[in-house]
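Have a look at the structure below, then the notes.
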Amino acid sequence: MVLFNISRVEILFYGGLALTAFALVLGMIFAIIHLSRKSRLERTLSEEYGDPARYNIQSRGEKV
Amino acid sequence: MGEIIAGLYEIEEKIGSGGAGIVYAGRHIRLNKKVVLKADKRKLNIPIESLRREVDLLKELSHTNIPQVYDFVQHEGTVYTVMDYIEGESLDRLIKRGERRPQREVIRWLCQLLDALIYLHSRPPYGILHGDIKPANIMLKPDGSVCLIDFNIALLLGEDGAVQVGYSRGYASPEHYGSDYVDSMRAAHGTASRGTGSGSFSGHIFRSHISEENRDPVLPFENQTEKLNTELTEALTDCQTEKLGDDRTEALRSDEAKGSASGGSSSRAKKTVMLDARSDLYSLGATFYHILSGSRPKEDAWEVEWISRSACSPALAAIIKKAMSPEADDRYQSAEEMLQALQSIWRNDKRSVSLRRARNTAVAAVSFLALAGAACTFVGNMERLQRQQALTYAEYSAEALRKGDVTQAVVQAMNAMPEEKNIFDAPVTAEARLALTNALGVYDLDDGYSDKDVIKLPDIPFKEVISPEGDKLAVIYAYELSVYDLNTLQCIERLPVEESAFSDVLFADDNRILYAARGGVCLYDLEKKENIWTGKTATKLALSGDGKVAAALDRRDDRVMIYDTENGEIKGEVDLGGRHLPVPENDRFADPADYVFALDHDGSLLGISLDDNSVNLIAADGSDQRKTVYGSDKEASFSGGFAGGYFAWSMDNGSAEFGIVDAKTSEAVAGMESDMPFRVRTRGEDIYLSNGDILEKITTDSFSETEMAYVPGKKIVDYAVDGSRVLLVTDQGIGFMDKTAEVEFTGEQDIQTDFGAIGGKYAATANRNAPEIRVIERRDHDDKNVLDYDIDIVHDESRISKEENSYMLFNYKAFEIYDDKGNEKAAVELEDPERIYDQQFRRDDSSYLEVIWYDGTVRKYSAEDGALISEETKDKPDENLLEIFELGDYRIETSLHNVPAVYRNTGYRVKKNACLKMLDDEGYMTYASSLGDYFLTEYVSSEGSRYGYLLDRHFEKVAYLPDLCDAWNGQLYFDSGKGHIRKSRLYSLEELKSLGEGVILKAEERK
């Protein structure tokens, strides 16, 4: 395969590096978006439901 | 002051009443603590102890959301239970006021109540059911927490005894109304009975009877104050609880049978009631249904409507709904389960689910991309490393080939080729393929000498001799003599030799060798593998010209033994008078050829150089007749031998002398001096003499001198003669001279060679620094001839016609056409050859030679008969000799001063007309074409020789094609200018690999 005079091996190697880098950058972007959405959702859910998961349950031996 | 109970408590006010008794608010007199006193309405015929036990059990309960029971007292026939006074108001008050609390607060209450239920349901031995959860039985304390009050303490007993089970319509689970009710409701709503085997409930089931009359109790919400602890109980008589075993259905049936006959004072009909923890959960769900929706749930559990979105979130509504499932098996099976559902409400909210789904999708996508990228990088890196390794192996191969080690060159080239079994194997590189093609020499069709292989020796060689027929090679190295078959390069024999650097070996004939063995000179039969005869110790040997007489001398000795070659009989002794062969300072590095020790044709005369720096002719019959041909007091090296009736000798002691003497009379007949050393060899009637860069032959019959070779700029170090063929060893490589009288140099010029031998179709060379012998083979490829032509025809190019039935040989001066049988069909001289700009052989509709003159004249000559097809005048051609070769999607442009470049014709993937690659090479590109999956480029070197390259689709060289003249119909044509045009097919990679494996296999067999 002659692609800009680059061989298949080089395409695989450098392309793979580029793809991995792209995946990492994309992952970081997704992480930022996700954390932002999660934070907002947590505020909303806390507003709606309180935080029952954090309630200490005496019958389980947790300190009330 | 209110009534004093048991001297400890003072009743302050009545705060409630119900079926089970009256509830008072009071205080502990001494502690001044507010308490609740509950007067038990049950008849005192119930043993006091069982009541005490009730309270004792209650006193053990300790939970934030359950009131603490402190005491149990009896006063005037009434039993009082003393418990915590819970500040606050019941939730039913909230509901009545229409007060709506935030959902999150409601959830917190729910969690607290579930916490309390978990605690109760897990009390030993069977757990405690509340039995009557409703808003009125839940207190909202000032701190915002809730407290579950008024649970049915009798349901903690878990033993036979009266139990009062209270229920409130709407809050009570269907099973509160009895099993008949449940069955009828199922039938009414068209749901099948599940029996008691489904679901995962594993708790205790309280089984009781209720009376018909008491199925519809009155809710005691009348006349309530703010601090009212409400209590609603249903007075039941003749109730029993039974602990059911695991086989609930069975037990139930048996008890149903018993129940009807239980007797007692009841005149009322009894219904079977089976309650368990799930019943409490139903009631709890119904309670919160009411709190959230503002409406009491319908009594018919099958008809309870969903809580609307405006009342609460769908997630919470779903939890309430499940808790209120008509079938107990469809509810949460425990308070813990319901609490977990509540605590997971964030997680189970649709928005959380959606967010998680989005997150998971993103993670999956990113992971996939990262993995794909990593995989590509990994595979690419593996292939890169393979490529680098392949390049390294290809270099090793080229280096081995340069040194004549063909096997090693093939091995390294094969190492450069991965097996391509999986995706990690890189494709075969062009460099690897080029290395293999070069190592195998499949496209080298020129007759001449080329490397066959290298024989590895245990030690550096001192002498090598090729047999008369040229198929065996004898080599002496330290302490051993080896004989090799030159066709197979296999070692035929190994024999121990005299411990001296000057051991000697000669071929008596093709199958017998005369050699200086340990213990004495030996004639050895190579076929029979046995000694024919053994003589005295010797280090130097000579054979007469007729082969019948052998001379042997131990250089430590001064007597030469003369043997009959056939039987080893001593024919005579020559006494050297105390003299010996010259002893060099360093045995190991002395040249064994720097002596004269030779017999004449019939073995009657011995020529010998001695340690007194003399050359002598001595009678071999022991008659002591001797003549000194040369003598000096200066140390010298000598060479010489007999030719015809003469003896030729040379001496070098800083200046060189050469002489020819009559062997009989010792009279000098010729001689010369030089400042460069001479080396003399004799063969039959001929004397060969090298001096510097010249090799001459002197025939003794006429003393005519013939220049054999002239190698300007080089120095002849050694040479060997075999008939018309001469091997020249110079200080800049080796060369061969054959009947064409041309010296053809082969191999790299910088490989050190010190001596050589030639015989038959082989030559062997060696140097005193490497333990190996380089074997060179003379090859001819007559089997590939397609045309033989007169070698005197001067031409630059050769082409085959489109029909493959004629050949045109041409240059700017003229062209000749031959048919495929070699008959000349036409010979045409071209006009004004100095003004010819270019010639191109074309195969369009017909084959023709197009000749272009600088003035623009273009003539086309038929390749069939040489006739002029057409003549026209065009624009004057570009003097830069710009040529464009179209190759489909690509083109190659070349001109006089520029490196040929590859361009893309189409715009796919690469910008149109983008330059893809430069095809730099030493020669000038004359032609380019496509050949199947390959491209072919043709060049002419600065010396005028033609060659070509086979290129892959990346325009990388995969084969070097020496003497390439044309390519047509998948075939390659080669013309070295020596009178033949030869044809070869294109070798596929698999064929090359197969050939390579064959070479390696043969080498393995030799070991």
Checklist entry - With axes computed from alpha carbons, what is the tilt in degrees of helix B:406-415 against the longest principal axis of chain B, rounded to the nearest 10 within 0 to 90? => result 10
Item to check | Estimated inter-spin distance, B:Phe378 and B:Glu871, nm [label 7 Å along Cα→Cβ] | outcome: 7.4
Checklist entry - Going 7 Å from the Cα of B:Glu943 toward and past its Cβ, which residues in segment B:963-1003 have a backbone nitrogen under 12 Å from where you end up? => result B:963
Checklist entry - In peptide A:36-44, what is the residue-averaged number of other protein chain Cβ atoms found within 10 Å of each Cβ? => result 3
Item to check | Charge context of B:His954, other residues only, Cβ under 11 angstrom, K/R +1, D/E -1 | outcome: +2
Item to check | Most to least packed among B:721-733, B:117-129 [average Cβ atoms within 10 Å] | outcome: B:117-129, B:721-733
Item to check | Angle between chain B longest axis and helix B:430-440 axis [Cα atoms, degrees, rounded to 10] | outcome: 40
Next on the checklist: Restricting to lysines 8 or more places apart or on different chains, can you count the pairs in segment B:838-961 with Cα atoms under 30 Å from each other?
Outcome noted: 8
Next on the checklist: Less than 17 Å apart at the alpha-carbon level, and either on another chain or at least 8 residues along: which aspartates and glutamates does that give for B:Lys350?
Outcome noted: A:Glu42, A:Glu47, A:Glu48, A:Asp51
Item to check | Cα-based helix-to-principal-axis angle, B:103-121 vs chain B, degrees rounded to 10 | outcome: 80
Next on the checklist: To make sure I understand the rule: partners must be aspartates and glutamates, Cα under 16 Å from the Cα of B:Lys627, and not fewer than 8 residues away in the same chain. Which ones qualify?
Outcome noted: B:Asp575, B:Asp600, B:Asp611, B:Asp612, B:Asp662, B:Glu667
Checklist entry - Going by how many other Cβ atoms sit within 10 Å of their own, how do B:Cys312, B:Cys965 line up, fewest first? => result B:Cys312, B:Cys965
Checklist entry - In segment B:815-862, what trypsin sites (Lys or Arg not before Pro) fall in a loop by DSSP, with at most 12 other Cβ atoms inside 10 Å? => result B:Lys821
Item to check | Over 18 Å (Cα to Cα) - which of B:Lys472/B:Lys529; B:Lys548/B:Lys697; B:Lys821/B:Lys983; B:Lys134/B:Lys298; B:Lys761/B:Lys821 fall in this group | outcome: B:Lys548/B:Lys697; B:Lys761/B:Lys821
Checklist entry - Sorting B:Arg309, B:Arg347, B:Arg774 on the 10 Å Cβ count, fewest up front, what's the list? => result B:Arg309, B:Arg347, B:Arg774
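How crowded by other chains is B:950-962, given as the mean number of beta carbons from other chains within 10 Å of each beta carbon?
Mean shielding count: 1.
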Item to check | Taking B:Asp652, B:Asp963, B:Asp783 and counting other C-beta atoms within 10 Å, the order from fewest to most | outcome: B:Asp783, B:Asp652, B:Asp963
Next on the checklist: Taking loop as defined by DSSP and a crowding limit of 15 other beta carbons within 10 Å, which chymotrypsin sites (Phe, Trp or Tyr not before Pro) in chain A fit?
Outcome noted: A:Phe4
Checklist entry - Taking the Cα centre of each part, how many Å lie between segment B:425-490 and segment B:916-964? => result 28
Checklist entry - Looking at segment B:274-312, which GluC sites (Glu not before Pro) are DSSP coil and have at most 12 other C-beta atoms within 10 Å of their C-beta? => result B:Glu305
Next on the checklist: Let me check I've understood the local charge: for B:Val35, count other residues with C-beta under 9 angstrom from its C-beta, Lys and Arg +1, Asp and Glu -1. What total comes out?
Outcome noted: +1
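Using just the alpha carbons, could you tell me how many Å³ per residue the convex hull of the protein assembly as shown encloses?
It comes to 342 Å³ per residue, whole-number rounded.
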Checklist entry - Roughly how crowded by other chains is peptide B:381-393, in terms of the mean Cβ count from those chains within 10 Å of each of its Cβ atoms? => result 2
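Read-outs: derived from the displayed coordinates by stated rules, not from any lab. Nothing here was measured: the structure is a model prediction, and the numbers come from that model. Quick reminder, even Gly has a Cβ in these numbers, built from the backbone with ideal geometry, and neighbours come from all protein chains shown.
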